[in-house]
């Protein structure tokens, strides 16, 4: 958006970016863990840039679907998509099979657009969005490994379980804070995740990235926290998850 500053006579450009701050963690963490579980290659750089601008394009596109300042947001969406297209095309020249990951994302993305018109805050919509970001992590792993092995799927599973837990927690603190049943859903989910990870992984150390999530889900329930405070808590928890999980992939 461009606005006129009457005092100086200058024009200020306001960049359009998504307003869901938690999604930034969902964008970056799967990608970084995909690298940690495989190996870093220079091609990861244009892949990340293309992935980043593809995500940026989704917000103005959603605004267009909602019918808000259609011309303005449409221009931003096209601009972001073009930048993303340039970088992802460079990646495709190096590894054309990445197109399969894009095709895998498509049905989930279409479902997200469907929920924009129906119920954007639906729990199912959150799960669908998490799946899209997990596929981004799979693409990152594939670039580093050259194949999609069981370890790559492990990255996707761990990320999915973590962010689904975040969804349970945030909803239990905001939209479902008066729903006692949902509180038990949240707590039960976090406990089941620990048991699941302990059963599936070859070392008990893999439960460590999920322990802080369980602690904050139980200890912070019924606490009067602002949206900003919740956001800071989730950022802090996400950083802990990223660091610990990355170390486990690198060392075990």
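The values are calculated or read from the model by the stated rules, or taken from the named source; none is laboratory data. Bear in mind that the values here come from a model prediction, so they are computed numbers and not experimental data. Every residue, glycine among them, receives a Cβ derived from its backbone with ideal geometry; neighbour counts consider all protein chains shown.
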Practice task
With the checklist (1) part of a helix (DSSP H, G or I); (2) at pLDDT 95 or above in hand, flag the one item residue 23 doesn't pass.
Solution key: (2)
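Restricting attention to region 204-219, and to residues there that are in contact with a helix residue (DSSP H, G or I) (Cβ under 7 Å, 6 or more places away or on another chain) and farther than 14 Å from residue 245 by Cβ, which single residue is surrounded by the fewest Cβ atoms within 10 Å (Cβ to Cβ)? If you could, list the steps in order and put the result at the bottom.
Taking region 204-219 first, the residues in contact with a helix residue (DSSP H, G or I) (Cβ under 7 Å, 6 or more places away or on another chain) are 204-210, 212-214, 216-218.
Among the residues that remain, those that are also farther than 14 Å from residue 245 by Cβ are: 204, 214, 216-218.
Numbers: 204: 10, 214: 19, 216: 20, 217: 22, 218: 14.
Result: 204.
A quick yes/no check of all residues on (1) surrounded by fewer than 21 Cβ atoms within 10 Å (Cβ to Cβ); (2) in a helix (DSSP H, G or I); (3) modelled with pLDDT of 95 or more:
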residue	(1), (2), (3)
42	yes, no, yes
48	yes, yes, yes
52	yes, yes, yes
68	yes, no, no
Practice task
Find the helices (runs of 4 or more DSSP H) located wholly in region 76-175 whose residues include 1 or more that are at pLDDT 95 or above and exposed (fewer than 15 other Cβ atoms within 10 Å of the Cβ), and list them.
Solution key: 99-118, 150-173
Completion exercise
A careful count of residues in region 74-101 that are in contact (Cβ under 8 Å) with a residue 24 or more places away in the chain and closer than 19 Å to residue 129 by Cβ gives 4
